[in-house]
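Only one structure is covered here, and it is reproduced in the block below.
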């Protein structure tokens, strides 16, 4: 199986080095051309309207690309994949995506967490058995402007170097997206960096980087679209996920680990048949 590769470099050497050293980056770039950003925004508004009409919380719009293949247009956009390629190379799989939309006035808090904590055991690396295969990079695209007033994401620099943290139950489960939070003695919250973004800009973070965000009590919505990609040198183990179904897409390049890939441009029917049309809660 093959796919398009690119020689286009979108990220500066300084940005790439910052990502490797600090576990996150703020490139200060627009991810998509204006017409594509407008199209994605309109698609999101339609999806959110359907989701809320079903009684869903807008913070919990997980894996929408399984249900709405029109999102594949943006996830597999060359401008997006060129960014990812700069960080993990030309052989790329789409692992997941998630709209997290915090309504004005009562948007839920996202507790401090590492994405890798929820994906432990999901990956291995056949080429390096000592690696956990957690070579996942997340693009956080600002559908709305994201700043401290409406509770932008915050990251803990260099926390990706420390592995997996210890967690405890949150004190306010009804006001939080997750029910657990990294214990306060595991990191220094005073070092947190605000990921302040204009509409259309994006941040990048490693799967093991500690991050979170406060409740949105402002009069402005805060929505981001997370796009999660992994090197095809990692082997995905769906049997270790809660969904138990293979759900990678080959985004670019070739496979190196014997993964199974879904067909682009189509809803993930096995997932819909198993879980129904109601998008499950996730992150």
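Please treat every number below as a calculation from the coordinates, not as lab data. It should be emphasised that the depicted structure is a prediction, and the values quoted were computed from it without experimental measurement. No Cβ is skipped: glycine too gets one built from the backbone with ideal geometry, and neighbour counts run over all protein chains shown.
Shape summary: the range 224-283 maps onto an equivalent ellipsoid whose semi-axes, from the alpha-carbon gyration tensor, are 21, 14, 13 Å in decreasing order. Taking 0.36 nm per residue of separation and subtracting the current Cα-Cα distance, fully stretching the chain between residue 188 and residue 13 would add 60.2 nm. Set against the 2.2 N^0.38 Å expectation for a compact globular protein, the range 1-131 has a Cα radius of gyration ratio of 1.21. The modelled label-to-label distance for the pair residue 38/residue 260, using points 7 Å beyond Cα in the direction of Cβ, is 4.2 nm. Over the chain, Cα pairs under 8 Å with separation of 6+ residues give a relative contact order of 32 percent. What FRET efficiency would be calculated for the residue pair residue 166, residue 199, taking the C-beta separation as r and a Förster radius of 25 Å, to the nearest 0.05? With a Förster radius of 25 Å, E is 0.10. Rg over Rh for the range 78-118 works out to 1.11, both radii taken from alpha-carbon positions and Rh defined as the Kirkwood radius. Its relative contact order, with pairs defined as Cα atoms under 8 Å and 6+ residues apart, puts the range 138-253 at 43 percent.
Approximating the spin labels as points 7 Å out from Cα along Cα→Cβ, the residue 272-to-residue 149 distance works out to 4.0 nm. Computed over the alpha-carbon atoms, the range 154-222 gives an Rg to Rh ratio of 0.97, Rh here being the Kirkwood radius from the mean inverse distance. Evaluated on the range 6-54, the Kirkwood hydrodynamic radius is 13.6 Å, with distances taken between all distinct Cα atoms. Taking label positions 7 Å along the Cα-Cβ direction at both residue 6 and residue 242, the computed distance is 3.3 nm, reported to one decimal. Calculate the tail of P(r) for the range 183-283: the fraction of all Cα-Cα distances greater than 17 Å, expressed in %. Tail of the P(r) past 17 Å holds 70 percent of the pairs. Cβ crowding within 10 Å ranks 171, 208, 102 as 171, 208, 102, fewest other Cβ atoms first. Quick one: plug the Kirkwood hydrodynamic radius of the chain (C-alpha pairs) into Stokes-Einstein at 37 °C, 0.692 mPa s, and report D in µm²/s. Taking Rh from Cα pairs, D becomes 173 µm²/s.
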